[in-house]
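Throughout, read-outs are computed from the coordinates displayed, never taken from laboratory work. These numbers were taken from a predicted model, which means no experiment stands behind them. Every residue, glycine among them, receives a Cβ derived from its backbone with ideal geometry; neighbour counts consider all protein chains shown.
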Amino acid sequence: MQAVKQSSLARSIRADDHQFMIGNDAGALYGGAVHYWRLERDKWDEIISNVKKMGFNTVSIYIPWEVHEIERGKFDFGQVDPRKDIDAFLTLIESKGLNIVVRPGPQINSELTWFGYPLRILADPELQALNGQGTKAVLTQVPKPIPAVSYAVDKFFDETALWYDAICPILAKHSFPNGRIVAAQVDNEMAFFFHVNAYACDFHPDSIKGYRAFLQKKYGTLAEVSRVYRKKYRAFEAIEPPRRFDAKTKEEVPYYADWVEYREIYLIDSIDRLAKMMRARGLDQIALFHNYPHPLGPGGAVSGFTTPFNIMGLEEKVDFVGFDIYSRKELYDHVKTVVSYVVGTSRFPYIPEFIAGVWSWYLHPGNLADEEFVTKAALMHGAKGFSRYMLVERDRWFDSPIRRDGRVRKDQHDMFNHVNTVLNGNNFVNLRRQADVLLLANREYDRLEAASVLVSFPGDFLETPSGFSEYANFVTVSEQTLGFEQAIPLAKSAWFTGVYKGLSQSGYPYLLSDTALKAEKWQKFSTVILCSYEYLKSSLQKDLVDFATSGHVVVLGPKVPRLNENMDPDLTLASALDESKSSPVTVNGLPIGRSYRVGRGRIFLVSDWSNPVQAIHAVLQGTELIQFFRNDPRLDVAVHLPVGKRDHAVVFVANPSAEHIEAKVHLSVSVKSAQEVWTDREVTVADSVLIDSLPPYTIHIYKCAL
């Protein structure tokens with residue numbers, strides 16, 4: 001690749017508006033992982049050639065500290081083991097005309113025994129994260145449990161600096177504009193080593209110092225902390241974090257919620273510190289990103305559970321943030337929610353790890369048909385780039401499209417090649433998923449849910465017979481009402497699931513995000529929907545009123561909040577409603593809420609969500625929102641339009657059920673003709689209605705002339 005003059009660069013690589021820009025061009029990141037150190041060096045050329053033949057334009061490279069370190073401060077980059085010559089591997093990829101994404105850790109997982117760390121790091125008691133009981137936080141994983149590392153300890157970053165000092169100069173030599181490295185991932189799946197449970201990790205003394213510093217920054221003075229917590233403190237050093245949930249009243253909520261918020265900041269600050277170290281060592285002209293584990297709970301849950309992951313906060317530090325997806329066709333809702341959340345939130349909706357093959361201890365791995373279905377589902381809901389994990393099989397990984405000796409598996413090879421052909425042939429990088437509605441998970445309520453968990457279940461890398469999870473859920477969360485009318489964590493989860501399903505059945509395309517998303521990002525939507533109970537964050541109340549005043553629609557309920565996040569009186573939203581003209585909202589003649597004229601827009605307060613489909617129809621009827629209609633409610637539809645053009649649409653129709661469906665889909669726009677691009681066949685269109693046959697677990701992709 002011809003080098004670009006530094007003077008004309010000015011960060012030519014950037015992520016913005018759902019595109020990955022290289023200069024003035026939208027670049028495609030369609031890639032997959034190849035673990036060079038696990039492959040014989042004489043097979044590298046054939047393997048990379050086969051990656052390119054499958055239509056991929058990017059190779060994702062995991063670079064393990066654990067593998068390269070011989071002893072502290074001494075590394076093997078091919079001098080001892082030729083398979084570890086990362087410089088030569090990068091040069092080979094560049095010679096094939098492929099772009100590169102690197103992942104130098106310090107943690108990379110990769111099914112390595114020590115998760116990519118040298119054993120000495122895990123064995124150092126000064127670096128070990130602690131649980132709420134003050135003992136080591138341990139990640140239960142195959143083949144051996146390992147201690148979780150505390151990212152609150154300065155010594156850990158000093159040790160990581162030794163690794164970065166060794167690897168980053170090699171990477172900088174190959175980074176754009178000098179070479180073809182276009183992005184680097186900062187660490188891997190930061191989730192307290194899957195200790196997502198609020199009281200499982202990290203209670204290291206340095207983490208507790210960080211917690212107290214967070215409180216001082218948030219509240220300014222000790223007097224203000226004492227006021228909010230309704231408890232007199234003599235020094236910040238006297239404030240201890242909660243180690244279990246013991247709250248009895250609503251006034252105690254801020255104390256517990258702050259610990260959960262701090263855990264979000266812990267992850268953000270850790271990645272920020274590592275990113276600054278990478279930029280200082282020559283990786284300042286490429287995009288930096290991170291991959292969280294999925295945010296919406298285990299096993300395809302649709303609860304709206306977000307914390308401790310905070311895309312919005314982390315994207316103030318790095319260029320973009322994605323979520324990894326390992327799923328099966330039966331978990332369509334899981335793929336939909338995760339991708340819709342990233343599309344509704346991130347600058348660039350990228351899947352850093354997208355299943356291809358399977359690790360050996362995955363209990364329900366699925367097969368190639370699952371991978372095809374999940375791929376189409378992710379594209380349907382707006383994913384714009386991905387890295388297949390893994391393109392080449394190796395120890396502890398099976399059924400990848402390329403064998404470790406370089407041979408291909410024809411069926412896998414053909415399917416992945418076909419995906420890339422369809423994406424490139426239909427210019428997917430310039431498509432945008434259409435949605436007028438933004439469904440927000442309420443992060444304040446999610447924090448309360450996380451804080452009110454009663455079982456401090458440790459982070460477990462495996463599914464367990466008990467059914468418990470490190471994620472808070474209705475099984476483990478307290479049923480205490482805390483003086484509210486109902487237990488908000490349980491109520492908000494039921495609300496979110498109901499509205500999610502109601503929107504899907506009503507045919508209104510929507511995206512997901514949460515209330516940490518800045519209000520200016522709401523402006524691209526006509527309608528914002530979120531749950532509200534007795535309390536709501538002060539700034540959020542103001543943003544909702546301003547959004548409606550400027551001519552948009554807000555849908556709330558079931559309560560009008562009269563308190564803020566500190567449980568202080570706040571009538572911002574209540575006063576706006578009291579001062580507005582209102583009218584009843586009814587279903588079958590029975591009232592379910594009220595409509596308020598606020599400025600140039602409306603706020604709908606729906607108190608009865610017992611039938612979300614009817615409620616959504618009642619508040620959104622008569623609007624000019626995008627809507628689709630289909631003859632079977634099991635079908636799902638997504639419409640994508642090209643940027644700056646309206647001559648055609650790419651329409652996905654999904655049958656995520658186990659039964660055959662004869663589908664009829666009406667898009668509310670004039671469709672002249674349609675071509676199913678996966679099979680390259682004409683599809684019947686009658687009066688702008690798509691008519692097609694969808695077998696079980698099938699997604700069709702139509703290019704429609706408008």
Check: With point charges of +1 on the Cβ of Lys and Arg and -1 on the Cβ of Asp and Glu, referenced to the Cα centre of the chain, which listed residue (S207, N442, F176) lies farthest in the positive direction of the dipole?
Finding: F176
Item checked: Unit charges at the beta carbon, dipole of segment 437-620: most positive-side option, T515, L454, V475 -> T515
Notebook entry, point to check: What are the trypsin sites (Lys or Arg not before Pro) within segment 385-445 that DSSP puts in a loop, where the Cβ has at most 13 other Cβ atoms within 10 Å?
Noted result: R407
Checklist line | Cα shape, segment 25-66, gyration tensor, a/c 1.5 rule | finding: oblate
Checklist line | Relative contact order of the chain, defined on C-alpha pairs under 8 angstrom at six or more residues apart (%) | finding: 12
Note to self: Please compute the length gained on full extension between D25 and R681, using 0.36 nm multiplied by the number of residues separating them and subtracting their Cα-Cα distance.
What the structure shows: 233.1 nm
Next item on the list: First obtain the Kirkwood hydrodynamic radius of segment 437-620 from its Cα pairs, then insert it into the Stokes-Einstein equation at 20 °C and 1.002 mPa s, and state the resulting D in µm² per second as a whole number.
Entry: 124
Notebook entry, point to check: Going down the list K218/K524; K518/K559; K52/K645; K217/K384, which pairs span over 27 Å between their C-alpha atoms?
Noted result: K218/K524; K52/K645; K217/K384
Notebook entry, point to check: Where nothing but the Cβ of Lys and Arg (+1) and of Asp and Glu (-1) is charged, how large is the charge dipole of segment 472-525 around its Cα centre, in debye to the nearest 20?
Noted result: 260
Next item on the list: Averaging sequence separations of C-alpha pairs under 8 Å and six or more residues apart, then dividing by the length of segment 510-636, give the relative contact order as a whole percent.
Entry: 22
Next item on the list: Could you calculate the FRET efficiency of S550 with E662 from 1/(1 + (r/R0)^6), where r is the beta carbon distance between them and R0 is 41 Å, rounded to 0.05?
Entry: 0.40
Notebook entry, point to check: How large is the charge dipole for segment 629-705, taken about the Cα centre, if only the Cβ atoms of Lys, Arg (+1) and Asp, Glu (-1) carry charge, to the nearest 20 debye?
Noted result: 300
Next item on the list: Mind checking which of Y30, V149, P104 is farthest towards the positive end of the chain's charge dipole, using Cβ charges of +1 (Lys, Arg) and -1 (Asp, Glu) about the Cα centre?
Entry: Y30
Item checked: C-alpha center-to-center spacing [segment 645-670, segment 480-503] in angstrom -> 32
Check: Does the chain classify as rounded, prolate or oblate by the C-alpha gyration tensor (a ≥ b ≥ c root eigenvalues; a/c under 1.5 gives rounded; else a/b over b/c gives prolate, otherwise oblate)?
Finding: oblate
Notebook entry, point to check: Taking the Cα centre of the chain as the origin, how large is its charge dipole in debye, to the nearest 20, when only Lys and Arg (+1) and Asp and Glu (-1) carry charge on their Cβ atoms?
Noted result: 1040
Note to self: Just to be sure I understand the curve: with the Debye formula and one point per C-alpha of segment 629-705, what is log10 I(q)/I(0) at q = 0.11 Å⁻¹?
What the structure shows: -0.24
Notebook entry, point to check: Based on DSSP H runs of at least 4 residues, each adding -39500 (n - 2.57), what is the mean residue ellipticity at 222 nm of the chain after dividing by all its residues, to the nearest 500 deg cm²/dmol?
Noted result: -9000 deg cm²/dmol
Next item on the list: Would you mind telling me the antiparallel percentage of the DSSP bridges in the chain, rounded to 5?
Entry: 60
Next item on the list: Could you please rank D405, D687, placing first whichever residue has the fewest other Cβ atoms within 10 Å of its Cβ?
Entry: D687, D405
Check: For a label point 7 angstrom out from the Cα of A705 toward its Cβ, which stretches of segment 670-689 have the backbone nitrogen within less than 18 Å?
Finding: 670-678, 680-689
Next item on the list: Under a cut-off of 25 Å between alpha-carbon atoms, report the lysines in cross-link reach of K144, not counting same-chain residues fewer than 8 places apart.
Entry: K84, K136, K155
Margin query: Using the basic label-point model (7 angstrom from Cα toward the beta carbon), what is the S673 to L571 distance in nanometres?
Written below: 6.5
Notebook entry, point to check: Separation between the N424 and R279 pseudo-spin-labels, each 7 Å from Cα along Cα→Cβ, expressed in nm?
Noted result: 3.3
Checklist line | Order of T586, T160 - criterion: other Cβ atoms within 10 Å of each residue's Cβ, fewest first | finding: T586, T160
Checklist line | Exceeding the 22 Å Cα-Cα cut-off - candidates K250/K492; K53/K410; K664/K703; K96/K276; K43/K410 | finding: K96/K276
